[in-house]
1. Might you work out the accessible area of Met54 for me, using a 1.4 Å probe with all protein chains in place, and round it to the nearest 10 Å²?
2. Can you list residues from other chains, or at least 5 along the same chain, whose modelled amide H is less than 5 Å from the amide H of Tyr386?
3. Express the carbon and sulfur contribution to the solvent-accessible surface of the range 1-80 as a percent, rounded to the nearest whole number, probe 1.4 angstrom.
4. In nm, what is the difference between 0.36 nm times the number of residues separating Met230 and Leu114 and their Cα-Cα distance?
5. Distance from the Cα centre of the range 49-90 to that of the range 1-37, in angstrom?
6. Taking all protein chains together and a probe of 1.4 Å, list Asp140, Asp350 from the most accessible to the least accessible.
7. What is the distance, in nm, between label points placed 7 Å from the Cα along the Cα-to-Cβ direction at Asp155 and at Glu91?
8. Apply the Karplus curve 6.51 cos²θ - 1.76 cosθ + 1.60, θ = phi - 60°, to the phi angles in the range 53-59 and return the couplings in whole Hz, x for Gly and Pro.
Amino acid sequence: MKSTVMVLVYSNENDIETGSGFIISENHIVTNEHVISGTEYDFPVYILLDNDEMIEVDVIWSSEVKDLAILETVEPLKRPAVQFTSSSEMEIRDRVYAMGFPSAATEGMDSSALTTVKTTEGIISAKVYAELDVALFQTDTPLNPGNSGGPLFSDWGTVIGVNSSASLAYGIIIDEYGQVSPERIRKGDGINWAIQVDELLVELDRLGIDYELIPRPTDSPWNTLTIFLMIFALSSFVLALIALILLFNKKEKPRIEESNQNYISNSSPPYQTTRMNHQHLPQHTSNKLLQPFLIAHINQVENKFIPMDKPIIIGSDPSLCQFVIPSKEISPKHCGVVFDWQNGQFILFDFRSTNGTYLENGQKIPQNYEVYLQPGNQFYLSHTNYLFEVQLIFNKQ
């Protein structure tokens, strides 16, 4: 875009004709011959670099047959020169980009739009020849008056043609007030032409103007995008493999419905309850002088004592639970309680309940995590209307 410039020709009547051009060396610009055709009447030609920088140029070569012209500046241009790729290396359906200054794009815009390069995109539709044997690209890249003389870039950023014309014709336009004026109208959609760059390169060779010719990039499968995608796919595979290894090596938590003798709690429980109604129990209570009980403090079953000779599941589904609470606030399989005979403690477990299981201090138990309870501790399901207590009571037998 830095290499694309606007070309202006001033007529005797102070009218301005505009077109596009592009920089090929520190002192040379290429455009179409029909853009600067007024120079035969000594009309001055300028290139516009910025709103406040306009440079007068000389036409050192032009060809009406090829519709090409080369302009020269006295002072070096502080803009990059384009690189070229031979037209012979271009193929049908190659993507191309036209850059320039279509005049219609500045109507009604502020002054910055005047020097903003406009870009359109398309493909090479065909390689054709003009009547005087000039090689052209036919493209579907949109061109409009003012694009003439601008560069046609390849997908890898080199100039492969000089935009010259679109499928336009003059017609008579009658506006809403009945005024008649000649206007250029489009004869066909997606039909535009650019002069193949080889028509220009032979003239640069003859004039001794240096340029840089870049070959078409090799179509290798090991391009940057492919390498990135392969690295991404490999990384995803490695991460998935690690996840599978961790999944298979992870020890499954014992289910609370299983035998209480084999129940294993976390070695470092996240909660340490503070309420203690009984003295510290011995490590082994296998003589069963004390009997573990779950006590329900619920309105309908106030102070119901449930022996805990096996794990007890609490919930709303009778097919899954030993203690059933028929309420929508209680999950079908809400929580479970088991007594650890070896340590003389109760273990409370939440089965991913909807409304949660809470300790007596209001602290919520994480789902699928065990909590140690001491005899006399309380817990509730959803809210305090469903309150339970764990106790050890002397066996009277």
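The values are calculated or read from the model by the stated rules, or taken from the named source; none is laboratory data. Bear in mind the structure is a predicted one, so any value in this text is a computation, not a measurement. Counting neighbours? That spans all protein chains shown, and the Cβs are built from the backbone with ideal geometry, glycine included. Accessible surface areas use protein heavy atoms only, side chains included; no ligands, DNA or RNA. Shrake-Rupley method; radii C 1.70, N 1.55, O 1.52, S 1.80 Å.
1. About 90 Å², rounded to the nearest 10.
2. Leu381
3. Reported share for carbon and sulfur atoms: 43 percent.
4. 37.3 nm
5. Each part's Cα centre sits 8 Å from the other's.
6. Numbers: Asp140 65, Asp350 0 Å².
Largest accessible area first, the list is Asp140, Asp350.
7. Spacing of the two 7 Å Cα→Cβ label points: 0.9 nm.
8. 9, 10, 10, 6, 10, 10, 8
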